[in-house]
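Remarks on the structure that follows.
Quick note: the coordinates plus some simple rules give every number you see, no bench work behind them. Computed from a prediction, not measured in an experiment: that's the story for all the values here. Backbone-built Cβ (ideal geometry, glycine too); neighbour counts: all protein chains shown.
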Amino acid sequence: MKIKVAIYGRVSTNDQDFDRQVIELTSYANRHDYEIIGIFAEKESGAKDYKDRPEMKKLIDLVTSGEVQKILTSEVSRLSRGVTDFHQILDICNQNCVSIYIDQFGFETFDKNCEPSAMGQMMVSLLSVFANLERKMLKSRLNSGYNKHRSEGGSVGRKKGYVKDIKKTKHYNEIRGLLKSSVSIRYIMNSLKTSQSVVIKIKDHLENIGEIDKNRKVVKIKK
């Protein structure tokens, strides 16, 4: 019977890409003839609690349901950059006999007989501390740079009078198309998982430029 594995990839910002992580881990799984039952990848800060990261939350639900035997990830820091949060993830996996494989160093937390690997458990714990320290050092360097910039008369943040181009708003084209089709704001919010303020802002913009009529009838769509 094939070992059931789940792949987890994460990057912190929208301009980063997790594709390489997923490709390399998928290749590893295929080489070992594992059955991939789920790929979870997201653009979320590793400083966030695992419960506040949608894809990680789905992965943990899979772990507790007993549907997966091993998690494949590229680095410890991909799982979490917080020591406490990482150990919560590790404890849940340990309680459910789910091994965590760290591709960066080629070790995992359990052996094939579901026995804890002393070396693996120790290494992931140490690496989680280093990941947390790295995050704190980066934050400290950024703050130091900002303070130096301010002390030299510079400013931080958006320039006064800056207005973001509304067309660069996430899902702008999709929201625009749905509004022009007279779809309700609530339906758009639920379908695109976006906020009411974003939809209303785009709606007001389209009304102001004459693309949609303020008095148009809304089409109610049943899900």
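Taking a threshold of 32 Å on the Cα-Cα distance, which of the pairs Lys70/Lys164; Lys2/Lys170; Lys4/Lys193; Lys48/Lys214 fall above it?
Going by Cα-Cα distance, Lys70/Lys164; Lys2/Lys170; Lys48/Lys214 fall outside the 32 Å limit.
Taking the beta-carbon count within 10 Å as an exposure proxy, list Met119, Met189, Met1, Met56 from fewest neighbours to most.
With the fewest neighbours first, Met119, Met189, Met1, Met56 line up as Met1, Met119, Met189, Met56.
From the Cα gyration tensor of segment 1-83, with a ≥ b ≥ c the square roots of its eigenvalues, which class applies: rounded if a/c is under 1.5, or else prolate if a/b is larger than b/c, or else oblate?
Oblate, because a/c is 1.5 or more while a/b does not exceed b/c.
Taking R0 as 41 Å, what's the FRET efficiency between Thr84 and Asn215 from their Cβ-Cβ distance, rounded to 0.05?
0.15
Met1 to Glu115: FRET efficiency via 1/(1 + (r/R0)^6), r the Cβ-Cβ distance, R0 22 Å, to the nearest 0.05?
Efficiency, from the Cβ-Cβ distance: 0.75.
Please give the length that would be gained between Lys58 and Gln95 if that part of the chain were fully extended, namely 0.36 nm times their separation in residues minus their C-alpha to C-alpha distance (nm, one decimal).
Full-extension gain reported as 11.6 nm.
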